[in-house]
Amino acid sequence: MWNYGLILILMVKWSYQQDLCSKTVLDNLSRIMDARLSALDIKMNHIASTLNVLVTKPDSYNQEERINLSVLEKKLSNHLEEKLTVLEENLSDHLEQKLSVLEEHLSNHLDDKLYVIGNAIRQMNSTIEGFAAKQESNHQEELDKLSDLQDKQSDYLENKLSGVKTTLIQMESNLGSIEKISASIQNTTDKIKLEAVAFSENSSCSKISQEETLWEVKYIKNNIASMEDHIIENLNSTSLLLQRLNDCPAPFISLMDQCFYLNKGDQLDFESARKFCQGMGSDLAQPKYPNALRVYIRDTLGDTSSFFKLGGSDLVEEGDWRWLTGESITEWWSPGQPDDHLGQQDCLYVACNPIFKQPFDDGGCQIKSPFICEYR
């Protein structure tokens, strides 16, 4: 775009110079005409002065001289008229010729300029159209990625909901078992009560019958305890799953037991990224399972090259890496990191590139990059 602007500036400058050149030619022609007319005026004045001298002293001439003087005056007058006529014709022809050449030159010059400018405008329009098409293509790619992400997120939520439904069905089955066990307990209790009454009425009750009854009661109690533990475990799992599903508001996604928002479109520095996240009621991410986060980015976004900014740094004290909440960052560093390259790498990133064996890398805080927000 800047090259076309420079071309237009140079063309305008060149056109201006050509106009100045044309004006200079006209000025030179005008000066030449003025000079010739001035010289002719001088000659005419000289001749008129001479004639006046001759005319003012008519008494000093004889008749023959007066006749000769009169003839000479007529010849000079005729000669001057002829010269003036020829000069006028020559000047007129010369001016017409020069103006014709100048007009043709200016016409060709303007045609060339218009042709060059037209080509430049067509190239600019072509470049603008290409740029617009590229922008539209990039926008469509982003929309496709967003649609794909939404589809995957929808599949993820459907799978989770399917798991919840399965758990609820299992819970209903367990509750049915509990009801059956409760009925069995009630029947056994009633049986024990009847046997106790019979025992009190008939002291000859068999000791073996009493032991069998006690064993049956113990067996039922053990089954009840085991079933209760299983039900409590299912309830806790279901409760945690429901809590994770409910605690991640849009556009945050649930990963393990955390809620993340991956922003690849708005590439910002550390402070601007924090303000962006805070504007969503969150902050820069502090992932508990960074490897899982990196795998999610690769699989979901298809990104194997970006570096996403996180909520960690050593800005307070050089070399002391901590999360925004104050916890120390001591693991998940890729080999050789953090290296504080050139003394300007004080912020934490998750590296998607497979050449990084571990997810964490240090980078510049002022670098504008993708970032991840966490809803806590």
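The values are calculated or read from the model by the stated rules, or taken from the named source; none is laboratory data. Predicted model, so just to flag it, every value in this text is computed and none were measured. Methodologically, a virtual Cβ is constructed for each residue, glycine included, from the backbone with ideal geometry; neighbour enumeration extends over all protein chains shown. Side chains are part of the model used for accessible areas, which takes the heavy atoms of the whole protein and leaves out ligands, DNA and RNA. Shrake-Rupley method; radii C 1.70, N 1.55, O 1.52, S 1.80 Å.
State whether one or more residues within region 47-64 are among the aliphatic types (A, V, I, L, M), under 30 Å from LEU95 (Cα atoms) and either modelled with pLDDT of 70 or more or assigned to a helix (DSSP H, G or I) (or both).
yes
Cβ-Cβ below 9 Å, separation at least six or inter-chain, first residue in region 248-264 and within 16 Å of GLY279 (Cα to Cα), second open to solvent by 10 Å² or more (accessible area, probe 1.4 Å) and β-branched (Val, Ile, Thr): which pairs?
Once the first residue is within 16 Å of GLY279 (Cα to Cα) and sits in region 248-264, its partners that are open to solvent by 10 Å² or more (accessible area, probe 1.4 Å) and β-branched (Val, Ile, Thr) give CYS259/ILE253; PHE260/ILE253; TYR261/ILE253; LEU262/ILE253; LEU262/THR300.
Which residues, taken from region 341-358, are free of Cβ contacts under 8 Å to residues at least 24 places away in the same chain and either over 28 Å from the mean Cα position of the chain (by Cα) or not in a loop (DSSP other than H, G, I, E, B) (or both)?
Going through region 341-358, the residues free of Cβ contacts under 8 Å to residues at least 24 places away in the same chain turn out to be 341-345, 355-357.
The answer is HIS341, LEU342, GLY343, LYS357.
Answer yes or no: is there a residue in region 359-367 that is crowded, with 21+ Cβ neighbours inside 10 Å and either among the basic types (Lys, Arg) or in a loop (DSSP other than H, G, I, E, B) (or both).
Within region 359-367, one or more residues are crowded, with 21+ Cβ neighbours inside 10 Å and either among the basic types (Lys, Arg) or in a loop (DSSP other than H, G, I, E, B) (or both).
Taking interchain pairs and intrachain pairs at least six residues apart, which have beta carbon atoms under 9 angstrom, with the first residue in region 91-110 and without any contact (Cβ under 8 Å) to a residue 40 or more places away in the chain and farther than 21 Å from ALA35 by Cβ and the second open to solvent by less than 90 Å² (accessible area, probe 1.4 Å) and assigned to a helix (DSSP H, G or I)?
Correct list of pairs: LEU110/SER15.
Quick one: which of ASP303, ASP340 is within 21 Å of ILE253 (Cβ to Cβ) and of a type in the set (Asp, Glu)? Spell out how you get there, then give the answer.
Working: ASP340 fails: within 21 Å of ILE253 (Cβ to Cβ).
Only one candidate passes the filter, namely ASP303.
Take region 300-324 and flag every residue that is open to solvent by 30 Å² or more (accessible area, probe 1.4 Å) and either hydrophobic (A, V, I, L, M, F, W, C) or within 23 Å of the chain's Cα centre (by Cα) (or both).
LEU301, GLY302, THR304, SER305, PHE307, LEU315, VAL316, TRP323, LEU324
Within region 298-318, work out how many residues are without any contact (Cβ under 8 Å) to a residue 12 or more places away in the chain and either assigned to a loop (DSSP other than H, G, I, E, B) or aromatic (Phe, Trp, Tyr) (or both).
Here is the first cut: in region 298-318, the residues without any contact (Cβ under 8 Å) to a residue 12 or more places away in the chain are 299, 316-317.
In the following step, the residues that additionally are either assigned to a loop (DSSP other than H, G, I, E, B) or aromatic (Phe, Trp, Tyr) (or both) were identified as 316-317.
The total comes to 2.
Across region 325-350, what is the number of residues that are open to solvent by less than 60 Å² (accessible area, probe 1.4 Å) and of a type outside the set (Gly, Ala, Ser)?
Matching residues across region 325-350 total 11.
Identify, by number, the condition in (1) outside any loop (DSSP other than H, G, I, E, B); (2) of a type outside the set (Gly, Ala, Ser); (3) open to solvent by less than 60 Å² (accessible area, probe 1.4 Å) that PHE276 doesn't meet.
(3)
Could you identify the single residue in LEU26, LEU72 that is modelled with pLDDT of 70 or more and part of a helix (DSSP H, G or I)?
LEU72
Identify all residues within region 246-260 that are assigned to a loop (DSSP other than H, G, I, E, B) and of a type in the set (Asp, Glu); write none if there are none.
ASP257
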